[in-house]
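Right, one structure below, let's go through it.
The values are calculated or read from the model by the stated rules, or taken from the named source; none is laboratory data. None of the values given here were measured: they were computed from a predicted structure. Virtual Cβ from ideal backbone geometry, glycine too; neighbours counted across all protein chains shown. Keep in mind that these areas ignore ligands, DNA and RNA; they rest on the heavy atoms of the full protein, side chains included. Shrake-Rupley method; radii C 1.70, N 1.55, O 1.52, S 1.80 Å.
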Amino acid sequence: MNTKLSSHVTPLRFSVIRSMLERASAYENVISLSIGEPDFDTPSFVCEAAMKDAMKGFTHYAASWGDPDLRAALLEAERAKSGLPWQGENLLITSGAMHGLLAVMRTILDEGDEVISPAPCFSDYLGHCVLAGGRLVQVPTSFDNGFLPTLEAMEKAVTPHTRALLINSPCNPSGIVLDAPTLDMLAEFAVRHDLIVISDEVYDSITFRGKAESIATRPGMFERTVVLNSFSKAFAMTGWRVGYALGPSWLMKEMVKVLSYSVASTGTPNQRAALAALTGPKEEFEAFREAYRRRTHLAAARLNAMPGVRCLEPAGTFYLFPHIEAAKGDSLAFALDLLDKKQVIVVPGFPFGPEETVDGCVRIACTVDEEKLAEAMDRIEDYLKNR
Ligand code: PMP
């Protein structure tokens, strides 16, 4: 029997986080700082609205472009947020931003095309590129430069195969927000090399020092940028799988084909839930953000007080990406040993970027309450002092 399978799939490995969790199942009293999802449940008013709408008959396929009411509400919200003149032809509802990422890669890439992304960057981007026949090129940055990309490093990464620039601000895993001069530089760079820009903005409402700007607002960007966003993080709705893409009509009218041939449409009651979240009261979502701000601040301060640890104070998200001397050379061995000795799960830094950038780094998700987080910090401190 010929068991040969697609070379786009078989080289991909299962996520490091999943294997850490499997190992952790042997222990009791584990504190997991590994999973990139809110620990809060979706507010009940959102669940109730979805159930009510399902009872009313919102149980059929939605249009491929998405539920009309959700689309209308999103267009209004997005126009107000960025001031950009988004129209219906620019907006596509996706099954989470994961689906948006894969769909945009499949739309723009041919075999061997390259996507460049400043690193550290979300580890799953590799899979999205490879599944679409492309290649992800992670561009090095440095802790000392606040993980901000430089023009010099970006220029070095460009080849005749480069088709797109992929950015993520606020950033998983570093928690940084790209500042205005960096966005200006990247926009000018993308125009000069005639690149499509994919801007992953799933954490744009989880910021602690003012708003995160979209690169789509920069000159020349509206016609070449696909913004990806999602209800997962901002509204604690990871399991509902609702996201969206905003982009130029020449690209979106092709991208909708990928969506239509893959999922046909995103779940209808789920889209109604997203509509309720978007148009309902904001207090609970603001409280989530405040919790992330307090937690990341607490954990960064604790980490910076530990021997051999340096941590940037995040400007958004719920992640920290500290540099730990003891993790240098092998962040996986460090994470496994920390789990075995202290039952704390952190994610080794290596899947997030090239060695020169991420050596010694681990990702910490502040998705447990403050008490547990403080306990996790005590354990890490103890581990570092006694190893
Ligand atoms: N982009 C980034 C940077 C993320 O961290 C995640 C989730 N971990 C996603 C996209 C995907 O989010 P979702 O599919 O739940 O919308």
Could you work out the per residue convex hull volume over the alpha carbons of the chain, in cubic angstrom? 157 Å³
Tell me, how many Å apart are the Cα centres for region 158-185 and for region 242-304? 19 Å
Once label points are set 7 Å from the Cα along Cα→Cβ at both T279 and D340, what is their separation, rounded to one decimal in nm? 5.5 nm
Output the relative contact order of region 106-240, whole-number percent, from Cα pairs under 8 angstrom with separation of 6+ residues. 20 percent
For the cross-link pairs K81/K282; K211/K233; K341/K372; K81/K253; K328/K372, which exceed 19 Å when the distance is taken from alpha carbon to alpha carbon? K81/K253; K328/K372
Straight-line reach check, K56, cutoff 20 Å on alpha carbons, 8 or more apart in-chain or any other chain, hits among aspartates and glutamates -> E48, D67, D69
List the relative contact order of the chain as a percent without decimals, with contacts defined as Cα pairs under 8 Å and 6+ residues apart. 24 percent
Net charge contributed by nearby residues that have their C-beta within less than 11 Å of I196 (K/R +1, D/E -1): -1
Quick one: accessible surface of F285, probe radius 1.4 Å, all protein chains present, in square angstrom to the nearest 10. 20 Å²
Leaving out same-chain residues fewer than 8 places away, which aspartates and glutamates sit with a Cα under 15 Å from that of K257? E89
